[in-house]
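So the structure is just underneath, and the comments pick up after that.
Just so it is clear, none of the values below were taken in a lab; they were calculated from the coordinates. This structure is a prediction, so every number in the text was calculated from the model and none was measured. So basically every Cβ, Gly included, is an ideal-geometry build from the backbone, and we count neighbours across all protein chains shown.
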Amino acid sequence: MTTGHTTTGHTAGHTGDIILEARGLTMEFKGFVAVKEVNLQVRRGTIHALIGPNGAGKSTVFNLLTKFLTPTRGQILYKGRDITAMKPADVALLGMVRSFQISAVFPHLSVLENVRVALQRPLGTSFHFWKSEETLRDLRGRALELIEAVNLTPWADHLAAELPYGRKRALEIATTLALDPEVMLLDEPLAGMGHEDIEGTAALIKRVSADRTILMVEHNLSVVAHLSDTITVLRRGEILAEGPYEAVSRNPQVMEAYMGTGHA
């Protein structure tokens, strides 16, 4: 990490503890350096938040890590394997799945049907809607388990289009869980939510993180305060600070970056 970072509350673990790593990640757009020499380590079994004020470069870093962009320079490692040149779909097969982007929800299918379609993806039969109920029976039980896991059981037979905003986000998490990811990458999962939905969705993220790693990008520092084990703060494409909320929220540089935004 660069000089001046807030250190994390965790002691340095073995290299095997790092499930996702960026080394010298740099992204240039026609001469403009959007991301500069970012070094990031996401530890296995943790919730890691990537945050920053508008224009900080967090979305670009996230798009690089999730393989929606290819870096100008640098390297991305997943479980020690270089995935820098891999495509998002191939990375998903390795167990690293981005939600709210590739886990599309079909508005005119029910909650149960949406989750069942997601379960079919690894089987290569996602769009075989003509399959008989008998053929799909094995998937129904697992779909209902996932629906229960995200507290959507009362909504199982409702069309996705009918769901309130927060419930749609829960459904998106369920469809992501259907791919059984080892690492879930959440793209601003709490954006646009009211206070009640934020609390519910944050609790859901905490619950589903029990046996997996989560990396999430977020704008609001206070929203991830009690959710994340580690917070990485970006400013102008570089890492400004990193550590637990208690440390980064008191960092003078972080306070200055968020000054006047109402998000610190």
Residues T26, T153, T232, sorted so that the one with the fewest Cβ neighbours within 10 Å comes first
T153, T26, T232
Direction-averaged shadow area of the convex hull around the Cα atoms of the stretch 137-179, nm²?
2.9
Around R23: net Lys/Arg minus Asp/Glu count, Cβ-Cβ under 12 Å:
-2
Taking Lys and Arg as +1 and Asp and Glu as -1, residues besides E199 with C-beta under 13 Å from its C-beta add up to +1
Potential extension, D138-T72 segment - 0.36 nm per residue separation minus Cα distance:
19.3 nm
